[in-house]
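**Q** Here it is, the structure, as structure tokens.
The values are calculated or read from the model by the stated rules, or taken from the named source; none is laboratory data. Because the structure is a prediction, the values reported are computed rather than measured. Because the Cβ atoms are built from the backbone with ideal geometry, glycine has one as well, and the counts that use them run over all protein chains shown.
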Amino acid sequence: MKPAGYSRTQIVLHWIVFVLVVQQYVFNDYIAEAWAEITEGAEMQFSPVIAAHVFGGILIGLLVIWRLLLRARRGVPASPEGDSPAQRAIAHGTHHTLYLLLILMPVSGVAAWFMGIEPAATVHFYLKLPLLALVLLHVIGALYHQYALKDDLIGRMKTPRD
């Protein structure tokens, strides 16, 4: 049986990951500049902004793994009743691809930053646009449900139902 809603932990993890992903895009230029300097042989000096990007990415990876474990153990609410099979497929595909990218981005970032693996840096660079597109699709879908369909979908991610 599927739960009626998300648990408090699932909701908190969702919003923390969202804030951290936004932070990653805000600090992107700094990390890109630092990476360019490192690949040219420059010595890296400590920067709290760069550290926030690096450790924020690691934290995202760990929190997403936690979310996936909670999802496997507890489950998630069913899709809204009025959703068509196509809407369900898009929602499931978006969620699963978001999870995949939210794991691949930290893994590729760690491999590039700490191990100097250039192909990982390339993967990390090229995954940022699909991740952003999926986050935007997720937000648009949630807003569509909330304001066009008026099914209070967003309420499920605001009010815990343990």
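**Q** For Lys128, indicate whether it is of a type in the set (Lys, Arg) and under 15 Å from the mean Cα position of the chain (by Cα).
**A** Details: of a type in the set (Lys, Arg): yes; under 15 Å from the mean Cα position of the chain (by Cα): yes.
Here the answer is yes, as Lys128 does meet what is asked.
**Q** Could I ask something else about it? Kindly evaluate Ala120 against the criterion of being in a helix (DSSP H, G or I), over 30 Å from Ile38 (Cα atoms), without any contact (Cβ under 8 Å) to a residue 24 or more places away in the chain and touching a helix residue (DSSP H, G or I) at 6+ places or on another chain (Cβ under 7 Å). Talk me through it step by step, then tell me what you get.
**A** Details: in a helix (DSSP H, G or I): yes; over 30 Å from Ile38 (Cα atoms): no; without any contact (Cβ under 8 Å) to a residue 24 or more places away in the chain: yes; touching a helix residue (DSSP H, G or I) at 6+ places or on another chain (Cβ under 7 Å): yes.
When the stated conditions are applied, Ala120 does not pass them.
**Q** Out of curiosity, is Thr159 among the hydroxyl-bearing types (Ser, Thr, Tyr), assigned to a helix (DSSP H, G or I) and either over 20 Å from Leu59 (Cβ atoms) or touching a residue at least 40 places away in the same chain (Cβ under 8 Å) (or both)? Spell out the reasoning first.
**A** Numbers: among the hydroxyl-bearing types (Ser, Thr, Tyr): yes; assigned to a helix (DSSP H, G or I): no; either over 20 Å from Leu59 (Cβ atoms) or touching a residue at least 40 places away in the same chain (Cβ under 8 Å) (or both): yes.
In short, no.
**Q** Within segment 84-93, identify whether any single residue is without any contact (Cβ under 8 Å) to a residue 12 or more places away in the chain and buried (at least 16 other Cβ atoms within 10 Å of the Cβ), and answer yes or no.
**A** yes
**Q** While we're looking at this one, here's another question. Go through the residues of segment 145-160 one by one and say whether even a single one is modelled with pLDDT of 95 or more and β-branched (Val, Ile, Thr).
**A** Checked against the condition, which is being modelled with pLDDT of 95 or more and β-branched (Val, Ile, Thr), segment 145-160 yields no hits at all.
**Q** Another question about this same structure. Restricting to segment 42-83, name every residue that is surrounded by 15 or more Cβ atoms within 10 Å (Cβ to Cβ), in contact (Cβ under 8 Å) with a residue 24 or more places away in the chain and over 18 Å from His96 (Cα atoms).
**A** Correct list: Ala52, His53, Val54, Gly56, Gly57, Ile58, Leu59.
**Q** Could you grab me the full set of residues in segment 94-115 that are touching a residue at least 40 places away in the same chain (Cβ under 8 Å) and under 18 Å from Ile50 (Cα atoms)?
**A** Answer for segment 94-115, where residues must be touching a residue at least 40 places away in the same chain (Cβ under 8 Å) and under 18 Å from Ile50 (Cα atoms): Met105, Pro106, Val107, Gly109, Val110, Ala112, Trp113.
**Q** A follow-up question, please. State all residues of segment 6-23 that are under 11 Å from Gly57 (Cα atoms) and in contact with a Lys or Arg (Cβ under 8 Å, 6 or more places away or on another chain); if no residue qualifies, say none.
**A** Residue satisfying the conditions is Val17 alone.
**Q** Also, quick follow-up: Which ones in segment 1-38 are within 10 Å of the chain's Cα centre (by Cα) and of a type in the set (Val, Ile, Thr)?
**A** Within segment 1-38, Ile16, Val17, Val19, Val21, Val22 qualify.
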